[in-house]
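Values quoted throughout were computed directly from the atomic coordinates according to the rules given, and no laboratory measurement underlies them. Note that the coordinates shown come from a computational prediction; the quantities given were computed from them, not determined experimentally. Glycine also receives a Cβ, built like all others from the backbone with ideal geometry; neighbour counts cover every protein chain displayed.
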Amino acid sequence: MILLDRWFEGMTRGLARRSGRRSFLARLGLGLVGGAAVPLLPVARAAQDPARAGAAPENIDGPAGDPQDCEYWRYCAIDGLLCSCCGGSHTSCPPGTEMAPVTWVGTCRNPADGKDYIISYNDCCGKTFCGRCFCNRNEGERPAYHWYRNNDINWCYGTKSQIYHCSVAVVLGVAVEGQPEK
Amino acid sequence: MGAAAEGDITLLMSCFGRLGRAVACGVVAAALSGFATDSVGEEPAAASSDGAEKWGGVAQVPDGPSDHRVWVHDRVLEHTLLFDGDSGQMLGAVDGASGVGARPAYPAPGRNELYVVETYYSRGLRGARTDQLVVYDAKTLSVRAEIRIPNKAADTGQGIALGAVLDGERFFAALNQSPGSSVTMIDLESRELVEEIVTGGCSMVYPVGPRRFGMLCGDGTALLVELTEQGGKRRAVSSEAFFDVVTDPVTVAGVRDGAKWYFASFDGLLYEVDFSAEKPVASEPWSLFTDDERGAGWRIGGFQHLALHRSSRRLYSIVHQGGTGTHKDAGLSIWVYDLTTRERVMQIDAPNVLIPFMRPQMGIERGSLILRILDYVLPPPGVHTIAVTQDAAPLLFARNVDLGAVAVLDAMSGEHVGDLEEVGLSGTTLVVP
Amino acid sequence: MRAELRRLLLAVWCVSLIGAPAVAEVSPRHDYVLHCSGCHRADGTGAPDDIPSLIGIDRFLRSPEGRAYLIRAPGVAQAPVSDERLAALMNWVVVEFGADAPSPGYTAVEVGVWRARPLRDPTELRARLLASDAPSDEPR
């Protein structure tokens, strides 16, 4: 029964509440293996659980945020795999990858101080999908014809390789107001 | 479900580690999990007198009624699988090399061919990049030709409008985004690159004739590109601005009816854009939601979230309740509209695609009680993408991008009639040939 | 079409002499970071092959058509900011990454006129502008 409880909790947290946000790979772990899914489940969930995430740094530019968690404030319009779960951090690429110099920029509000910050969502390139901490949030995101704010595009431009690995979210400064699309 | 299943898992997991070689891996995994064991469309090999079967048979895509087929793309395993919606059988596969997003197969039934825009690297995942249009034989699913195109093919997770076979099947238009945008024109007859048409500020490709296609632009207009006999650019004309990119943009998941395309805005306004004249013209939009529904937070959303059954003029739209910024969220409902009366004629509950996703993994019998219990207790994840066949007894296919199963519905009654299982790991598109 | 464009170029140029150059309500640097730096980078250098460098961008100001080009370029014309802010932003961009300030400075009116005329083939016009280094016969 514990198994079923856990299963259920994972389902409701990850899937039903905001489908498409959580890791398809984590979910794959969930569904793929049936009986064997349950042992995998805590692994998938560790990333969401600051206490268990090991390196959960506190007070990163504001609230007690967990950069391995999709809900972390500065990921408000990220669509990809979080580099902080892939051997990098929320501001740096994992070893052996290259940060794309070309990217898109938007704003996210930091609940700690209520301010909007300008965020640069750079992709790390040169290795295949990291496959961890898939996160898809679209606050202020726009379709591809409005290229300033599109997160569907593989932004591995200006890099040696266009293979997408994961994404970071770097603060460029305080915004005087939220981006207009908000 | 013992060692064998664990074998499957390890295998699939190792696919993740080496995505580039996932194709080979996928084939093995497919063989292991059993869906490639029956060669569809082949007569069973006659056993010789000593009981040995004929060795070396290779199937072809069967002829016969093909109205209910669908191509299911997988962005992780980087290929597209062909399924029969009635039997649930897989009929074959074509590859599509590396990229984050949709690299679907575009069929040209008249030529008996399929096209895939590919990007690959000389050393698997490293080395020099090469982009090409790969031409597949639709019956043997083997490669007929490779046409080099500029190394700029758009790589995005969104939609099937990244390329198009234009009417008459003479030209293929492939979208580039680098991130400046352009369209590469390819002559399918001569198998040659025609030219690259720069289309600044516009994106996606919407075919509207043998030598015409439309695009959507960041200033709220639509663009019509007209081609010469040879498929080069003759002229490009913009419509008046009809939507606001900042306040209520349209999604790129349009649906086509002849020279008209329908686009829905984030807030649920439906625009009809007519590309048949000199200049594209957008109609006054109408709302897919009443004020009450909008007040209750109903919104459109997903990836390929609209589908149109042309002869009955039924428009299928995935909907959910949510706030701004939820335009890519899955929906638990599919609302059906009559485009002529602009009325909603049906509401379909999206089937719980978790069930057909889990069933083969858990080794549960089809139709068993435990499956029905799971269906009852597990919250449905909703669907992101739909497609409808165009025959008189149409099927509606629905998928959640992150689950390897596709639900099959009777498009007229909304009844859930079956599922396509083990369709892969993740993908945003469904293409009905 | 061509003649019409020339007339428009002239008219806008006249208007730009009267109107006051846009003054920023929000720091143009802020708008640059938020709307442009993702592609053109903070230092304006862009990325080889993909994104043109803005260094020396004032070279386009030598002709009225070039002056219009800087506003009609899709990344500029379609920026989600008002005409006023875009004019202020472009006046800043030209000085920050070029040498000479636009003279006269861009006004909201001028920017409004140009951004309403979408440039669907920026590559072709850009090549033409860069090729014709010869002084233009139109008024400066």
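Residue B:215 sits among other residues whose Cβ lies under 14 Å from its own Cβ, and their net charge, with Lys and Arg +1 and Asp and Glu -1, is +3.
What average count of beta carbons from other chains do you get within 10 Å of the Cβ of residues in A:110-123?
Working: counts 0, 0, 0, 0, 0, 0, 1, 0, 5, 1, 5, 1, 1, 1.
Taking all residues of A:110-123 together, the mean is 1.
Just checking the output field for C:30-41: average partner chain Cβ neighbours within 10 Å of each residue's Cβ?
Working: counts 7, 1, 0, 6, 16, 6, 2, 5, 16, 12, 1, 4.
Across the residues of C:30-41, the mean count of other-chain Cβ atoms within 10 Å is 6.
Tell me, what does the Kirkwood hydrodynamic radius of region A:105-182 come to in angstroms if you use every pair of distinct C-alpha atoms?
13.6 Å
From most to least packed by mean Cβ count within 10 Å, the peptides C:120-128, B:401-409 give B:401-409, C:120-128. Around the Cα centre of region C:24-133, unit charges on the Cβ atoms of Lys, Arg, Asp and Glu (plus for the first two, minus for the last two) sum to a dipole of about 200 debye.
Put +1 on the Cβ of each Lys and Arg and -1 on the Cβ of each Asp and Glu in region C:86-130; which of C:130, C:102, C:113 then has its Cα farthest toward the positive end of the dipole? In region C:86-130, that residue is C:113. Taking Lys and Arg as +1 and Asp and Glu as -1, the other residues whose beta-carbon sits under 11 Å from that of residue B:165 total -1.
What's the local net charge at residue B:271, with K and R +1, D and E -1, over the other residues with C-beta under 11 Å away? Around residue B:271, the charge tally is -3. Taking trypsin sites (Lys or Arg not before Pro) across region B:333-422, the ones in a DSSP loop with at most 16 further Cβ atoms lying within 10 angstrom of their Cβ are B:342, B:366.
Students often get this wrong, so check it: of A:182/B:279; A:160/A:182; B:152/B:233; A:160/B:328, which have C-alpha atoms separated by over 23 Å? As for pairs spanning more than 23 Å Cα to Cα, those are A:182/B:279; A:160/A:182; A:160/B:328. Please give the Cα centre distance for region B:61-130 versus region A:106-143, rounded to the nearest Å. Here the two parts' Cα centres lie 30 Å apart.
Annotation: amide H of residue A:173 within the under-5 Å range of A:118, sequence separation 5 or more or interchain, hydrogens built in the peptide plane. Note on region B:136-259: along the principal axes its Cα atoms extend 47, 31, 29 Å, ordered by decreasing extent.
The calculated 222 nm mean residue ellipticity attributable to helices in chain B amounts to -3500 deg cm²/dmol, summing -39500 (n - 2.57) over DSSP H runs of n ≥ 4 and dividing by all residues.
How much of the DSSP beta bridge set in chain B is antiparallel, as a percent to the nearest 5? If I count the DSSP bridges inside chain B, around 100 percent turn out antiparallel.
Taking beta carbons within 10 Å but only from partner chains, what does the mean come to for residues B:327-336?
Working: counts 4, 10, 7, 6, 1, 2, 0, 0, 0, 0.
That works out to 3 on average.
Placing +1 on the Cβ of each Lys and Arg and -1 on the Cβ of each Asp and Glu in chain B, which of B:186, B:92, B:336 has its Cα farthest towards the positive end of the resulting dipole? Toward the positive end, the furthest listed residue is B:186.
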